[in-house]
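Structure record follows, encoded as structure tokens.
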Amino acid sequence: MKKSLIFSSGVLLLIFSMAIISPVNANATWGFETDKTYIFELKQLSIYGTDYTLMLKANTTMKIVFTDTNATGYNYTVTDFQNIVTPNTTLFLPVEVSEGVYFPMPQGLPIALPLTYTEIPDYLGAFGQFINQTDLNLMLGESMLNLTDIGNITYMDLYSVYNADYLYGKLDLFAPELNETTLTTLMASFDTGELPITIPTNITDFKLNATVAYNATSGLFDYFKITIRSTGEQYGYVDAFDVDVRYGLYVPPPPPPPTTPTPTETDFPWLVPIAVLSIISSGLILRRRRK
């Protein structure tokens, strides 16, 4: 995947990537449309209170077109901001999650999740339950580097929320102290090299909340959001080190409501009925004279 796409796909892979295994017999149904262009864009990127959204929005926008689907996955193309088109494939194949127990997991970028999968009538609900009941190490793997290198993590929870609108995958993490080198490497993987950002050398009270949302009707990826609240020290100066990231599906604004023409006002509105009556009266008088 090209570097320009790393920012937009990093958190999806961070939460859901797994090792590829051999295909098996399956029968999945999909809720998205093929041959339709889905646009994903940067909604928000602010670091240290500075908004970089407009600076990076154009370079991180990508267009997704699902070209075809099959029983285990789909093929799609990614068009980046340079109009370079890259073909991709995502498959959902069973992964052994415990001894003798398998669950279909995405192999590739999960732009969309299946609505049903073989004998699973509600895949999104089942996937949410899988997140809630699965060991963190199995779900995250090495995607977040080695978590023990980040710092003394006192709290970390990976869970899901599922309702009629969305399936949310959520990660909450807290560390009293953070390893600055590890954070620098992690942020570099999100392609922030263009930004004049200095990572604090001493980060404390590090709180991270990440959310990935999928549309419950179509199974399509809708957005991911990252919120970081912490305190950073740089050159002896201590300040809030906050990061806000949101990236998701572009939804065109609704059309403006139809406008109702405003009646033309006059300074003498009583002239209108008098004029009408005058015309009618004149017509009657002329008619009588002709008789």
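The values are calculated or read from the model by the stated rules, or taken from the named source; none is laboratory data. Computed from a prediction, not measured in an experiment: that's the story for all the values here. Here Cβ is always computed from backbone atoms with ideal geometry, including for glycine, and neighbour counts include all displayed protein chains. Quick note on the areas: whole protein, heavy atoms, side chains included, nothing else; ligands and nucleic acids left out. Shrake-Rupley method; radii C 1.70, N 1.55, O 1.52, S 1.80 Å.
Residues that are open to solvent by less than 20 Å² (accessible area, probe 1.4 Å) and closer than 30 Å to Thr29 by Cβ within region 53-71 comprise Met62, Ile64, Phe66, listed in sequence order.
Annotation: Phe81 fulfils all but one of (1) out of contact with any Phe, Trp or Tyr (no Cβ under 7 Å at 6 or more places or on another chain); (2) closer than 22 Å to Ala216 by Cβ; (3) open to solvent by 30 Å² or more (accessible area, probe 1.4 Å); (4) of a type in the set (Phe, Trp, Tyr); the unmet one is (2). When region 224-251 is limited to residues that are of a type in the set (S, T, N, Q) and open to solvent by 20 Å² or more (accessible area, probe 1.4 Å), the one that is modelled with the highest pLDDT turns out to be Thr227. The residue of region 70-95 that is nearest to Ile120 (Cα to Cα), among those that are in a loop (DSSP other than H, G, I, E, B) and hydrophobic (A, V, I, L, M, F, W, C), is Ala71. Among the residues here, Leu167 does not qualify as modelled with pLDDT under 90, touching a helix residue (DSSP H, G or I) at 6+ places or on another chain (Cβ under 9 Å) and either exposed (fewer than 14 other Cβ atoms within 10 Å of the Cβ) or outside any loop (DSSP other than H, G, I, E, B) (or both). Among the residues of region 147-156, are any at pLDDT below 90, part of a loop (DSSP other than H, G, I, E, B), among the hydrophobic types (A, V, I, L, M, F, W, C) and open to solvent by less than 40 Å² (accessible area, probe 1.4 Å)? Within region 147-156, not a single residue is at pLDDT below 90, part of a loop (DSSP other than H, G, I, E, B), among the hydrophobic types (A, V, I, L, M, F, W, C) and open to solvent by less than 40 Å² (accessible area, probe 1.4 Å). Checked against (1) under 29 Å from Tyr74 (Cα atoms); (2) hydrophobic (A, V, I, L, M, F, W, C); (3) open to solvent by less than 60 Å² (accessible area, probe 1.4 Å); (4) modelled with pLDDT under 85, Val101 meets all criteria but (3).
For Thr50, the conditions (1) open to solvent by 30 Å² or more (accessible area, probe 1.4 Å); (2) within 19 Å of Ala216 (Cβ to Cβ); (3) not aromatic (Phe, Trp, Tyr) all hold with the exception of (2).
Could we say that Phe221 is among the aromatic types (Phe, Trp, Tyr) and modelled with pLDDT of 95 or more here? Yes, satisfied. Within region 197-247, the residues that satisfy the criterion of being touching a residue at least 40 places away in the same chain (Cβ under 8 Å), within 30 Å of Ala28 (Cα to Cα) and not aliphatic (A, V, I, L, M) are Thr211, Tyr214, Asn215, Thr217, Ser218, Gly219, Phe221, Asp222, Tyr223, Phe224, Arg246, Tyr247.
Consider Glu96 carefully, then state whether it is under 30 Å from Glu177 (Cα atoms) and either modelled with pLDDT of 90 or more or open to solvent by 40 Å² or more (accessible area, probe 1.4 Å) (or both).
No; evaluated as a whole, the condition is false for this residue.
Restrict the check to region 61-84 and report whether at least one residue is over 25 Å from Asp165 (Cα atoms), of a type in the set (A, V, I, L, M, F, W, C) and without any contact (Cβ under 8 Å) to a residue 40 or more places away in the chain. For region 61-84, residues over 25 Å from Asp165 (Cα atoms), of a type in the set (A, V, I, L, M, F, W, C) and without any contact (Cβ under 8 Å) to a residue 40 or more places away in the chain: absent.
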